[in-house]
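Okay, so here's the structure we're looking at.
Laboratory data are not the source of any read-out in this text; all were calculated from the coordinates shown. Everything numeric in this text was worked out from a predicted model, so none of it was measured. Virtual Cβ from ideal backbone geometry, glycine too; neighbours counted across all protein chains shown.
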Amino acid sequence: MADYGKLADKLKSMRSPVKAAPAPQGPPRMDPAAFYEMVKAHIVQEMEKANVELRKRRLGLIDRVFLPSFGSKLCLTYGSELLCTVDLQRERESITAVITGPPNAMELSKKEFLINEVGAQEPAGKGDPKIGAGYSPRRIAGEIISGLLMREFA
């Protein structure tokens, strides 16, 4: 019969008093909802900067639309034709921006920004949305406002 007391004492003496820290698994992951809120704040700032320049040139302004059916989406318009919706895709950990316009509110351009991915912009295939990885909230906001004014994402 085994003496479990002796085995426990032996096991206790074999253990190191200092526990090894777990190895880092790469860069810390950002909470998608918090990242999206930062992007929205930067979009409002970029929109205000763009509107100053548009106003100087007597052009239409970018405006934020508060639609009840789009509670979690940020909706922007440029003039009466273009609508840009910016939405958080939690399951994919990405932010998707879609520009729609005439005719018939057709999708003109779409770009997806990956939140917890590192790397440069990946080339898009035919029919695929453009993908941006490793972008800061400020850069994402700038791309969205610029894309809305140009009617397509670069």
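See the values below:
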| item | result |
| --- | --- |
| Under 13 Å, Cβ to Cβ, from Leu67 - net charge with Lys/Arg +1 and Asp/Glu -1 | 0 |
| At R0 = 25 Å, FRET efficiency that the Cβ-Cβ distance of Ile131 and Glu91 yields, to 0.05 | 0.95 |
| Compactness of the range 71-114 as Cα Rg over 2.2 N^0.38 Å, two decimals | 1.19 |
| Amide proton proximity set for Gly132, modelled H, under 5 Å, gap of 5+ | Glu112, Phe113, Leu114 |
| Phi-based couplings in Hz for the range 110-116 (Karplus 6.51, -1.76, 1.60; Gly and Pro marked x) | 9, 9, 10, 10, 7, 7, 9 |
| Exceeding the 22 Å Cα-Cα cut-off - candidates Lys49/Lys130; Lys40/Lys110; Lys56/Lys111; Lys73/Lys110 | Lys49/Lys130; Lys56/Lys111 |
| Residue order, fewest to most surrounding Cβ atoms within 10 angstrom, among Leu88, Leu149 | Leu149, Leu88 |
| Neighbour-limited loop hits for chymotrypsin sites (Phe, Trp or Tyr not before Pro), the range 33-113 (at most 16 other Cβ within 10 Å; DSSP other than H, G, I, E, B) | Phe66 |
| When the range 48-95 is reduced to its Cα atoms, the Kirkwood hydrodynamic radius in Å | 12.2 |
